[in-house]
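First the structure, in the form of structure tokens, and then the observations on it.
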Amino acid sequence: MTSLPARAQAEAETIQVEDVTGEAEVEQSTTEEIDVTPAAPDQTPPAEQPPAAETLPQAPSSPRVLITEVIIEGIADHPEQERLELAAYDAMTVRPGSRVTREELKLDLDAIYATGWFSDVRIEPINGPLGVQLVVQVVPNPVLTRVELEPEDNKIKPEVIDDTFSSDYGRTLNLNELQLRMKELQKWYADEGYSLARVSGPTRVSPDGVVQLKVLIGTVDGVEVQFITKEGESTNDKGEPIKGKTKPWVVTREISIEPGEPFNRKQLEEDIKRLYSTSLFSDVKVTLKPVAGEPGNVTIVLGIVEQSTGSLSGGLGYSQSQGVFGQVQLSDSNLLGRAWNLALNITYGQFGGLANFTFTDPWIKGDKHRTSFRTSIFLSREVPQVFQSQNAGDIVTVTDYQDNNSKYAFDINNSNNPADRRFNNVANASKQFPDESWFEFEGDSVALQRVGGNIIFARPLNGGDPFKKVPWQVLAGVNLQNVRPINFNGDTRPYGVPSGNIDDGRIPNDEVICIAFNCANENNLASVRFAATYNTLNDGRNPTSGNFFSFGTEQYVSIGENSPTFNRVRTTYTHFIPVKWLKLFKGCRPKPGEKENCPQALAFQVKAGTIVGQLPPYEAFCLGGSNSVRGWFDCDLAVGRSFGEATIEYRFPIISIFSGEVFIDAGTDFGSQANVPGKPGQLLNKPGSGVSPGVGVIVTTPVGPLRLEVASQDFTEEWRFNLGVGWKF
């Protein structure tokens, strides 16, 4: 029998290894020798080595000892004793009957630790008559009962922690499985946008099985605004920082992440989208700059590329109210670098014109409710469609009129009258024949001149959180305008007659109507307006799902003579249902792995309104037109005090930029044309109600959808072609 060399024995006394939970030792009693049986009876000691001067000495090889038995201790009566014994034993390469070295025992100790089941492992060899008995003392981890994350403000929901570790609760803690669960938590943070978050630990494992993990989320120290060129340069040719036009607070107010809050990638992406939606910037580059001396803290640096916000534009168009018209607009959407919008719009056409000066502040500085402000001053001349019809003539102007309560009114320029002659003026005719009513026919289309202004405040109902997306928005405003009925020369014309009803210079007296309220030369209209909208549409341009609801009321109050008092109420409800009926478009038939792109929907819209009080005829509701019942021209279906409309429309993509629509519109004035002063709708033989089926093709362009539609009147062969901009709703 031989024994381990003294030096080897001493080295085997203590072996230390590191683990995530601390240090562990392999101890061997210094009072015992480990005796081993020689490898073979005929084995002889090695030959003597040559003198040291001739060859370099070599380190003695570690001797091998015979292991006769391996015993796992420390887990008696443990609820998972068998599982832990097998885990420890399977991790070892040492088996009874094998010969091992000290290094191999250390590797086995590391392997037992690597199973993750134990907080302490010690290997104690004990000499026996036939070899060495290897006793492995283990201390199992406690049974996992709860996982806690520090600090408390860790942004993770308790149910997420419970769902992650629920399968491990009530079982012996395994550090390897714990690391896998920590990776799941790390992924949750990344999926939620906390891309800088790091989960580490455990920092503490209590005897009763409570595990504490540390979360370093990553905190925003601040936001810096840096103006850069399109090439990304932050300095000019002289090395000076580039100065931007925009005030820095215009940029930073769109950033919802405050200093001291956790960095969230998704939240920042939404903030960048809001910056782009202002249309003030062509590019926004984001850089995260670490804060020196503060691990996990970053500064968000926004590289802003400004775009030109001043514009001068013009164009030509056509509308029924103005005929062929030209338009010029001068605007700046970033006035003084404060995101203010100032615009001057001038339109001049065949039948009128418009000059409109508008100022808009999209977000009043410092207001947490994100209130916007808009005011405008305008001067317009237009031919109101209330007094027009496509096939039954128009309400046209008369130079003068004298109502003497007779059955008929006579044109002084026609000799078909009781005097059998013409008169120079209405006053002379009325003086000579006071029992007859007289007018002087002019024949211009009735036009209105409006001069006034308005102020409007609008805000979302966000509860004071300017970044919260909410469906509700409210509006309040005041409006003041002067309205004057005129002819094409701008002369005041308070009366009109239906051109198609004049019979040889004579017309029923009750068909000479007042254009303005009280037959006055002008009306002053003052109103207060309130409105609310609810919007859950999934797309502002071409929605396929969601709802839109609006309700508004405008109260007009009298501010003097010939200033009417009345109230207008109007409401709209729209609903979209996504469908997949036609699959003409390639995107409706995606190949495996491709994303479907097939925007089609069944859309419903209902509109209604009414007016109560002293109604000027030009303020009545109009039915018919490209945004109403499409089988009729603008305002050619009805002119009513009340109205109702409904539309069902199926929209579907066809190919490339082309889409199709099939629709049916219906509208009614509820018999209220007779309640409009002067009854212009009835005088022009407008039907009052109708149904209009039709089809259309929509072309998507950079400026928005263009509609080419054809619709029928009441399922007859009376068809109307319509060219419109944008979807009807």
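Just a few scattered comments:
- When we screen Val474, Val398, Val426, Val451 for residues that are farther than 30 Å from Leu354 by Cβ and in the same structural domain as Asn518 (by TED's automatic domain parsing), the only hit is Val426.
- Of Gly222, Gly244, all but one fail to be among the small types (Gly, Ala, Ser), within 30 Å of Asn154 (Cα to Cα) and more than 24 Å from the chain's Cα centre (by Cα); the exception is Gly222.
- Where strands (runs of 3 or more DSSP E) fall entirely within segment 426-515, those with at least 3 residues that are within 46 Å of the chain's Cα centre (by Cα) are at 447-460, 472-486.
- Matching entry among Ile664, Ile655, Ile577 (being touching a residue at least 40 places away in the same chain (Cβ under 8 Å) and either in the same structural domain as Phe715 (by TED's automatic domain parsing) or within 24 Å of Phe387 (Cα to Cα) (or both)): Ile655
- Filtering segment 361-390 to residues that are of a type in the set (Asp, Glu), farther than 12 Å from Arg459 by Cα and part of a loop (DSSP other than H, G, I, E, B) leaves nothing.
- Here Val143 meets each of (1) within 24 Å of Gly201 (Cα to Cα); (2) surrounded by fewer than 19 Cβ atoms within 10 Å (Cβ to Cβ); (3) modelled with pLDDT under 90 with one exception, condition (3).
- Sole residue being among the polar types (S, T, N, Q) and modelled with pLDDT of 95 or more, chosen from Thr347, Thr358: Thr358
- Residue among Val662, Val629, Val639 that alone is within 27 Å of Thr701 (Cβ to Cβ), crowded, with 24+ Cβ neighbours inside 10 Å and of a type in the set (A, V, I, L, M): Val629
This table checks each residue for (1) among the small types (Gly, Ala, Ser); (2) not in a loop (DSSP other than H, G, I, E, B).
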site	(1), (2)
Leu149	no, yes
Ile161	no, yes
Thr164	no, yes
Asp168	no, no
Gln186	no, yes
Ala190	yes, yes
Leu196	no, no
Pro202	no, yes
Pro207	no, no
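- Which numbered condition Asp400 misses (of (1) modelled with pLDDT of 95 or more; (2) touching a Gly at 6+ places or on another chain (Cβ under 6 Å); (3) of a type in the set (D, E, K, R)): (2)
- Criterion violated by Arg381 - all others in (1) within 21 Å of Gly477 (Cα to Cα); (2) in contact (Cβ under 8 Å) with a residue 60 or more places away in the chain satisfied: (1)
- Here Ser415 passes the criteria (1) assigned to a strand (DSSP E or B); (2) surrounded by 14 or more Cβ atoms within 10 Å (Cβ to Cβ) except the one numbered (1).
- Of residues in segment 686-703 being farther than 21 Å from Val606 by Cα and surrounded by 14 or more Cβ atoms within 10 Å (Cβ to Cβ), the one modelled with the lowest pLDDT: Thr700
- Checking each residue in segment 291-337 for being within 26 Å of the chain's Cα centre (by Cα), assigned to a loop (DSSP other than H, G, I, E, B) and surrounded by 14 or more Cβ atoms within 10 Å (Cβ to Cβ) picks out Thr309, Gly337.
The values are calculated or read from the model by the stated rules, or taken from the named source; none is laboratory data. Note that the coordinates shown come from a computational prediction; the quantities given were computed from them, not determined experimentally. Backbone-built Cβ (ideal geometry, glycine too); neighbour counts: all protein chains shown.
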